[in-house]
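Trainee: Below you'll find the structure I mean.
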Amino acid sequence: MENIVINKMAMQRALTRITYEIIEKNKGVNNLVIIGIKTRGVFLAKRIANRLEKLENVKIPVASIDVTNYRDDIEHDKQSPKKVSVTNDNISVEKKNVILVDDVLYTGRTVRAALSAILELGRPRTIHLAVLVDRGHRELPIRADFVGKNIPSSQSEKIRVLMKEIDGKDLVEIIKN
Amino acid sequence: MNFKFHKVLIIGGGPSSIGHENELDAATFQTILTFQKFNIETVLLDNNPFTLTMDLLPDQDIFINEINYSNVLKLIKKVHPDAILPTLGGLHAIRLCKELIHQNILKNQGIKLLGASQLAIFMINNPIKMGRIIKNIHENIVPSTIVSSRENAVYIARKIGLPVIIKPVSKHHSPYRQNCKNFNQLDHALDNFFKHSSSHQCIVEKSIVGYKELETIGIRDESGTKILISGLENIDAVGIHSGDSIIITPFQTITDPEYQKIRNATFKIMDALRVIGFCHVQFALDPTTKRFFVTKITPSFSRSITLAAKATNYPIAAVCSQLILGRTLEHVSLPSKYSHLIPIMEPTLDHVVIKMPLWPFDNVPKASHHLNTVMKSVGSTIGIGRTIEEAMLKALRSSQFSPRDVLPSMQNLSDDNMINQLIHPRQNRILVLIEALRRGYSPAELAELTKIDQFYFYKLRNLLVVENEIINHPLRSSTVKAAHNSGFGDGMLAETWNVPIEKIFDLGQKCHSIPTYKAIESTAGEVLNTSSSYYSSYEKENESHRFKSDSALVIGRGGNQLGPNTAADYYTAQTLIQLHHSGYQTIIMNNNPNSISLCPKISNKQYIEPIQLGNILDIIYLEQPKIIFIPGNRHYLVRELSKRHFKIAIIPPDQETGVLRDSKASFGIDFFVTANHCHPISTVQFNLKQPQQLKLIFKYMAPLKMSSRVIKNLTSQAINEIKSSSEWHGLVQALFIHNQNGNHLIGVRPLKITETVFLNRVTGINWIHELIKYYTHQLDRNKLIHLLEHQEQKHLEMVAKFPFRQLKVRTKNGLDSQIVGAKIEPKQ
Amino acid sequence: MATRYLILEDGTAYQGKAFGSRATTTGKIIVNSNMLGYQEIITNPIYHDQIIVFTQPSIGNIGINHKSYESISTSIKGVVTHEYSDISTNRLSKLSLDDFLKQRNIPGISGIDTRELAHHLRKHGAMKASLVDVADQHAFDQLNATVLTNQQVSQVATPKPYPNPGTGLNIIVIDFGLKHGILKQLSERHCDTIVLPWNVDSKNILDLDPDGIILSTGPGSPYDLPKSVLKMIQNVQKRVPLFAMGLGHELFALANHASLYQLKIDYHNSSHPIKEIITNHVLYASQNQEYSVDNQSIQNSNLIVTYRDLVNRTIQGLRHRDYPAFSVQFSPDGGPGPTDSVDLYDEFLENISSNMNKRSSRNDEF
């Protein structure tokens, strides 16, 4: 059974609100760097950056980060060194206000891995976390600063985020197993 | 701007027919102009000779051929377009495109689909697909279920509520459908059905007969910005095809929340179908529950879209042609006569537009005169006014062919017959409704009988109040004023009071009831000087001013009827184009929303007015044109205007002035005749095997297959006859009979309108332009001779089309007064 | 029908026919160009003390129905139209427009070239007008001598608090001349609403512990209201998510140190494209605008421009840089007009939820 919990309009509104909340929290957009986590976090990051640019007429640096190698819950090949793959090589996080973006916040392990990866790149002034969906069930002491929607869920359920850039449409649905 | 495509194939609309006049040509014309502006090559497949589009493109980009799948395919393989535009060729073009998608042609050839999405194309004529789309966006469709047993059918009928309609399940359109108002009728219908149907399945559908029918026209750009151009309210309820309904815009009898719901539903549909460009949606509104159902979605150009464009003067075709190219509404650029704000402002009107259909029953008496769900009208006229009464009467007066401004009397209609016609409507419906009011029926009774909103009967009753005043208080200024405000024509008053029309002018002047012209524009007066189209009303402010330089007034043909009308409209359009080249400010007066001659692109000023003597004189007094062009068959008008010493030219020429010694002919020779010279142009063959009745000629072939020596000889015979009379000038045709005794000249007549256009196609020379040059004393004979000497004649055949199949009439031979259109094709 | 006159401050007189009441009235004359929804327009308190010119071709067509009130106590000064229909065919109608206007002592005049009148007003700017029986010098003198009130808000807004109960979020609506559309939208979203008078102070508001605050639309100039209103806004916006519309939007701008200017001619229609800057999304909404926020003044304020009219480039929406507070110049709930932006109410409620989560997580921190 599928159940749409965020439709296209609601997703747009959530991103709009998060954008404004970022401005509120950071007192503007100076010194901001937005980093999206793997696939959909990157699209969200780009959308937020695009919104900020339209409002404030400044260019916001965006990078993407693949944290697969940093996950502590995945067995790693001991031979291959841990490697952060940040797409935008020119990006510097040193003394920046970093907004880390992901689609769903669940156990917190992905975010933890991303934090490690970012801290390896440099020493940001702050790191804030923005997520489209917070579904609970944290296994680590991590919380989001900007949340699109809290969707309390059971662990048997699956939350699926679809985005136009990759899935052809914008929506979030709960799939009950 | 960079485009992903450079060569677009447009599938044309083909010959005009019932439901299709010149509106597709007008839209295609605008679209190609846009494409040319952006250096996009257009390739056109079409076989309708009466189109301006054919004159717009270079020869190598027009493919004159039957519009069918194999020809489209051939053309794709030949010219390799990188995009295809199927939304300007009616439903036929959409169907062809559907087939191209099915066969993977678009995908394999890398051809981009423009205007409509694949989803939209697959939805057309597929109620199940459409139903799914509508349900996905949480709007309603008319409940219907497929059943395979009587019991099930009755169960479903109980569930959705009577009345229901029983229809067979079939891939092809089946005319069988039965409206069941009670269970007895349902039993009977099911008996009948299951006895005769092989499939043993039928559809039980909720009957929406009697619901209010509403239409919307929306447009959408690539970024998802949408505006609602117009809402069209059908005065006739569901049950009469919207093409046969009297239509009013803007909406009159619904509340704002209802309107907003319909607007939102239209937008959701356009989003779901990812429409880029225009979309037409039809709704049925249950008058008691206020629930509405989506009944039809048409993402291709149609007469409804043209009506919306004419009513608002929003340039739908010009804007959408840019949206198709990927521009957003915010960045569409229009010709300088429009404000740059127009494309993105949602139209808001301060006038009323009413469309009145025209039926072909006078020309095709054998057809059933009853109006129902199958469209029968061949044309329409619009009336524009500041009030509903004014617009209604102007539309009605425009729909009368005679310029004497007299409405047919319904006095002799028996009461029984009248009631019959109220329930089973026929043509002249509006006059019957008025007559019923005249005989004392109340609006409530009539609303019950006809399912027309009571509101309109109150409005019609207001007209009767004025009518009574006209009868009881003749020749008073106050009466003239009241009559003017309700849309009565000066000619009507003159006729009723039996005085010359000038007397009515005088009475009007005395009480300052003088026509003022209001711009037809889409911002309710907010944006100034953004329109060149006007309608009259008797008010305070006049917005139309006389041109500073010489102008020419062209009187259009009015509503389309059977006969050479679509060709005549093309003729009128070409007249305007040449007059403009000749240095005139051009003014067109017409009232057919589908006509190409009203397209703002091809004239300097447009008046949408009844073609009635009073209205014509009003415009002449205001504009003081140097010359007035009148269509040939308007003898009364010609007489009345000549009497007042206006300089007139008869274009297209009168067809009835031929001097013929036989009623049959086999072939003809066409000439261009000036005061001193007679230039042969081309030969044309009707039927060499057997002479044809002139009125029954439906096939033309050019040039004639005969030895040049014989033709030379016949030509000089004809020249002698033409020169013997001073009457012949302009385009003239000599007619011959071919039989065992040889070829005999039977006489001379003015070249027919349809044949003139055919001649243009054959010779590649625009003879209408030459004719206008001749009339305006700008003809250069040397240039003409040069043109004639260097012409490259094409071998073409033109075949007239008749509407008999659509009207369900069995007739073999159509008269030329029954032509609905024509097609041409190359012949060897 | 009796002859009546519409006279304008600049000396112009229009002859027409009377309908509605035969009272002689004076008010500011404005043009409304919506094509439908005359009842909503006539009953919107924003038009308090004004004479409304309708450019829609014909009004009265569907009578008066109970669903179309934007307020029950109508206080306009007159209706000017080209054509008036004294009929009601609507299923719900018990009343014709003529009856309705007579009951409320509001005069109407028909047979006016409203298109010309609209052109005239656009050219010569906003002005006073009267509906009179005789257009003589005396009438013009009376008109010119009349001083229009600047106390519109206190005349139409509720003097007493009242609840509009629901089961959801606790919303306080500050009434500057509330239209029902706002309450309908909150009801649809199950809000537990309390409407407070316009002159309530911030302490009284915060004592009620609201989840969010709405500043309503209303009539007149924001400059005519006392400074205490701005103070109230400054205090509450720091504490509670806020959403302001129309007059509320203008006050929100002033409270945050932006300034306003008066448009040459009021704009009352819904045909202008409004662009949401953050998404480039274009929408249409009912606009009833006499003032506009000054572009220049935004630079010195703590506000971000969120919406802009693409026709006249005026600011149509603002958001505070530091607080979850935002405003729009237009009416997102239509009445009449498009509901393209009605989900601004959802945006507001989502702001509240987000704010509540933050508050609770802040509490966790301490």
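Trainee: Note down the magnitude of the dipole of the protein assembly as shown about its Cα centre, charges +1 on Lys and Arg C-beta and -1 on Asp and Glu C-beta and zero elsewhere, to the nearest 20 debye. Spell out each step's value before the answer.
Mentor: Values: 153 positive and 131 negative charges, 613 e Å.
Roughly 2940 debye, rounded to the nearest 20.
Trainee: What residue among B:S149, B:I248, B:F183 has its Cα farthest toward the positive end of the dipole of the stretch B:146-281, where the charges are +1 on Lys, Arg and -1 on Asp, Glu, each on the Cβ?
Mentor: B:S149
Trainee: For B:L788, what is the net charge nearby, where nearby means another residue's Cβ is under 13 Å from its Cβ and Lys, Arg count +1, Asp, Glu -1?
Mentor: Numbers: positive: B:R781, B:K783; negative: B:D670, B:E770, B:D780, B:E789, B:E792.
My count for the surroundings of B:L788 gives -3.
Trainee: What is the Å³ per residue value for the convex hull set by the Cα atoms of the stretch C:196-293?
Mentor: Working: hull volume 11.6 nm³, N = 98.
Hull volume normalised by residue count: 118 Å³.
Trainee: Please arrange B:L162, C:L303 by how many other C-beta atoms lie within 10 Å of their C-beta, fewest to most. Spell out each step's value before the answer.
Mentor: On the way: B:L162 15, C:L303 24.
With the fewest neighbours first, B:L162, C:L303 line up as B:L162, C:L303.
Trainee: State, to one decimal in nm, how far the label point of B:N125 lies from the label point of B:D506, with both points 7 Å from Cα in the Cβ direction.
Mentor: It is 6.3 nm.
Trainee: Sort B:W767, B:W728, B:W497 so the one with the fewest other Cβ atoms within 10 Å of its own Cβ comes first.
Mentor: Working: B:W767 23, B:W728 20, B:W497 17.
Placing the least packed residue first, the sequence is B:W497, B:W728, B:W767.
Trainee: Next question. How long is the gain from B:V79 to B:S402 if the chain were fully straight, where each residue apart is worth 0.36 nm and the alpha carbon distance is subtracted? Display every interim value, and only then the final one.
Mentor: Details: separation 323, 0.36 × 323 = 116.28 nm, distance 4.85 nm.
Using 0.36 nm per residue and subtracting the Cα-Cα distance, I get 111.4 nm.
Trainee: Can you give the charge dipole size of the stretch B:7-114 about its Cα centre, rounded to the nearest 20 debye, using +1 on the beta carbon of Lys and Arg and -1 on the beta carbon of Asp and Glu? Before the final figure, lay out the partial values.
Mentor: On the way: 9 positive and 11 negative charges, 116 e Å.
That gives a dipole near 560 debye.
Trainee: Among B:I67, B:P81, B:P15, whose Cα sits farthest toward the positive end of the charge dipole of the stretch B:7-114 (+1 at Cβ of Lys/Arg, -1 at Cβ of Asp/Glu, about the Cα centre)?
Mentor: B:P81
Trainee: With a ≥ b ≥ c taken as the square roots of the eigenvalues of the C-alpha gyration tensor of chain A, please select rounded if a/c is under 1.5 and otherwise prolate if a/b is larger than b/c or oblate if it is not?
Mentor: Numbers: a/c = 1.72, a/b = 1.08, b/c = 1.59.
Since a/c reaches 1.5 but b/c is at least a/b, the shape of chain A is classed as oblate.
Trainee: Now for a different question. How large is the convex hull of the C-alpha atoms of the stretch C:26-149 per residue, in Å³? The partial results should precede the final answer.
Mentor: Working: hull volume 13.3 nm³, N = 124.
Expressed per residue, the convex hull around the Cα atoms of the stretch C:26-149 is 107 Å³.
Trainee: Shifting gears a bit: Add +1 for every Lys or Arg and -1 for every Asp or Glu among the other residues with Cβ under 14 Å from the Cβ of C:H272, and state the total.
Mentor: Working: positive: C:K275, C:R308, C:R313; negative: B:E330, B:E346, B:E526, C:D266, C:E276, C:D309, C:D340.
Charge balance in the 14 Å sphere: -4.
Trainee: Moving on to the next point. How many percent of all Cα-Cα pairs in the protein assembly as shown sit more than 44 Å apart? Mind showing how you got there, number by number?
Mentor: Details: 465362 of 939135 pairs.
The share of Cα pairs beyond 44 Å in the protein assembly as shown comes to 50 percent.
Trainee: With 20 Å as the limit, write out which pairs from B:K226/C:K275; B:K261/C:K184; B:K4/B:K337; C:K275/C:K358; B:K212/B:K366; B:K310/B:K355 have Cα-Cα distances beyond it, or answer none. Show your work: numbers first, answer last.
Mentor: On the way: B:K226/C:K275 12 Å; B:K261/C:K184 16 Å; B:K4/B:K337 30 Å; C:K275/C:K358 30 Å; B:K212/B:K366 31 Å; B:K310/B:K355 11 Å.
Correct reply: B:K4/B:K337; C:K275/C:K358; B:K212/B:K366.
Trainee: Enumerate the calculated ³J(HN,Hα) couplings along the stretch B:118-131 in order (Karplus 6.51 cos²θ - 1.76 cosθ + 1.60, θ = phi - 60°), each rounded to whole Hz, writing x wherever the residue is Gly or Pro.
Mentor: Taking θ as phi minus 60°, the curve returns 4, 4, 5, 5, 6, 7, 4, 6, 10, x, 5, 4, 4, x Hz for the stretch B:118-131.
Trainee: Between B:H280, B:G379, B:A665, whose Cα lies farthest towards the positive end of the dipole of chain B when Lys and Arg beta carbons carry +1 and Asp and Glu beta carbons carry -1, centred on the Cα centre?
Mentor: Positive-most Cα among the choices belongs to B:A665.
Trainee: Length gain on complete extension for the stretch C:K184 to C:S259, per 0.36 nm per residue less the alpha carbon to alpha carbon distance? List each step's numbers first, then the result.
Mentor: On the way: separation 75, 0.36 × 75 = 27.00 nm, distance 3.10 nm.
The span from C:K184 to C:S259 would gain 23.9 nm if fully extended.
Trainee: Looking at the protein assembly as shown, send over the antiparallel percent of its DSSP beta bridges, to the nearest 5.
Mentor: On the way: 144 of 228 bridges.
If I count the DSSP bridges inside the protein assembly as shown, around 65 percent turn out antiparallel.
Trainee: Another one. Just need the Rg to Rh number for the stretch B:517-650, please, alpha carbons only, Kirkwood Rh. Write down the numbers at each step before the final one.
Mentor: Working: Rg = 14.3 Å, Rh = 15.1 Å.
When Rh is taken as the Kirkwood radius, the ratio is 0.95.
Trainee: From the cross-link list B:K699/B:K752; A:K164/B:K135; A:K169/B:K7; A:K27/A:K95, which pairs have alpha carbons spaced over 20 Å apart?
Mentor: Working: B:K699/B:K752 13 Å; A:K164/B:K135 22 Å; A:K169/B:K7 30 Å; A:K27/A:K95 16 Å.
The pairs that break the limit, which is 20 Å between Cα atoms, are A:K164/B:K135; A:K169/B:K7.
Trainee: To continue, here is another question. Could you name the aspartates and glutamates whose alpha carbon sits less than 13 Å from that of A:K38, not counting residues in the same chain fewer than 8 places away?
Mentor: Counting by Cα, and skipping residues close in sequence, A:K38 has these aspartates and glutamates nearby: A:D66, A:D102, A:D103.
Trainee: If you look for lysine pairs in the stretch C:3-148 that are eight or more places apart or on different chains, how many of them have Cα atoms under 16 Å apart? Walk me through the numbers on the way to the answer.
Mentor: Working: C:K17/C:K102; C:K28/C:K77; C:K28/C:K123; C:K28/C:K128; C:K67/C:K94; C:K77/C:K102; C:K77/C:K128; C:K94/C:K102.
Counting lysine pairs in the stretch C:3-148 gives 8.
Trainee: List the extent of the Cα atoms of chain B along each of their three principal axes, largest first, rounded to whole Å.
Mentor: The Cα atoms of chain B stretch 81, 74, 58 Å along their principal axes.
Trainee: Moving on. Please average, across the residues of B:251-264, the number of beta carbons from any other chain that are within 10 Å of each residue's own beta carbon, and give a whole number.
Mentor: Values: counts 3, 8, 4, 4, 12, 18, 9, 3, 7, 11, 1, 0, 4, 4.
For peptide B:251-264, the averaged partner shielding equals 6.
Trainee: Turning to a different aspect of this structure: Rounded, prolate or oblate, given the Cα gyration tensor of the stretch B:292-416, with a/c below 1.5 counting as rounded?
Mentor: Prolate is the answer for the stretch B:292-416, as a/c is 1.5 or above and a/b outweighs b/c.
Trainee: Can you compute the charge dipole magnitude of chain B about its Cα centre, using +1 on each Lys and Arg Cβ and -1 on each Asp and Glu Cβ, nothing else charged? Give it in debye, rounded to the nearest 20. Provide the component values of the computation, followed by the final result.
Mentor: Details: 90 positive and 71 negative charges, 397 e Å.
That gives a dipole near 1900 debye.
Trainee: Arrange the following residues from fewest to most other Cβ atoms within 10 Å of their Cβ: B:F736, B:F251, B:F547. Don't jump to the answer; show the numbers that get you there.
Mentor: On the way: B:F736 25, B:F251 22, B:F547 16.
Ascending Cβ contact count within 10 Å gives the list B:F547, B:F251, B:F736.
Trainee: Distance from the Cα centre of the stretch B:253-309 to that of the stretch B:782-828, in angstrom?
Mentor: Taking the Cα centre of the stretch B:782-828 as reference, the centre of the stretch B:253-309 is 38 Å away.
Trainee: What pairs in B:K394/B:K601; B:K394/B:K773; B:K605/B:K783; B:K503/B:K548; B:K643/B:K783 have C-alpha atoms more than 27 Å from each other? Intermediate values should be presented prior to the final figure.
Mentor: On the way: B:K394/B:K601 25 Å; B:K394/B:K773 34 Å; B:K605/B:K783 30 Å; B:K503/B:K548 30 Å; B:K643/B:K783 36 Å.
In this structure, B:K394/B:K773; B:K605/B:K783; B:K503/B:K548; B:K643/B:K783 exceed 27 Å between Cα atoms.
Trainee: If we count every other residue with Cβ under 12 angstrom of C:L178's Cβ, Lys/Arg +1 and Asp/Glu -1, where does the sum land? Can you show the working numbers first?
Mentor: On the way: positive: C:K179, C:K184; negative: C:E70, C:D175, C:D333.
Net charge in that neighbourhood comes out at -1.
Trainee: Shielding by partners for C:111-123, please: the mean number of other protein chain Cβ atoms within 10 Å of each residue's Cβ.
Mentor: 5
Trainee: Give the distance, in whole Å, between the Cα centre of the stretch B:511-555 and the Cα centre of the stretch B:390-458.
Mentor: Using only Cα atoms to place each centre, the spacing works out to 31 Å.
Trainee: Starting from the Cα of B:K7, step 7 Å along the direction of its Cβ; do the same at B:N417; then give the gap between the two resulting points in nm.
Mentor: 6.2 nm
Trainee: A further question follows. For a paramagnetic label modelled at 7 Å from the Cα of A:K59 toward its Cβ, which residues of the stretch A:30-45 fall within the zone defined by backbone nitrogen distances under 15 Å?
Mentor: A:31-34, by backbone N distance to the label point.
Trainee: Mind checking which lysines have their Cα closer than 18 Å to the Cα of C:K160? Skip sequence neighbours fewer than 8 apart in that chain.
Mentor: List returned: C:K179, C:K203.
Trainee: Here's something else I'd like to know. Using only atoms on other chains, find how many Cβ atoms lie within 10 Å of each Cβ of peptide B:340-351 and report the average. Let's see the in-between values first.
Mentor: Values: counts 0, 6, 0, 1, 8, 7, 9, 2, 8, 5, 10, 4.
That average works out to 5.
Trainee: If the reach is capped at under 13 angstrom between alpha carbons, list the aspartates and glutamates near B:K827, excluding any in the same chain fewer than eight residues apart.
Mentor: Result set, ordered by chain and number: B:E66, B:E797.
Only the coordinates and a few stated rules stand behind these numbers; no lab work does. Note that the structure is a prediction, hence the values are computed from the model and not measured. Neighbour counts are summed over all protein chains in view; Cβ atoms, including those assigned to glycine, are modelled from backbone coordinates with ideal geometry.
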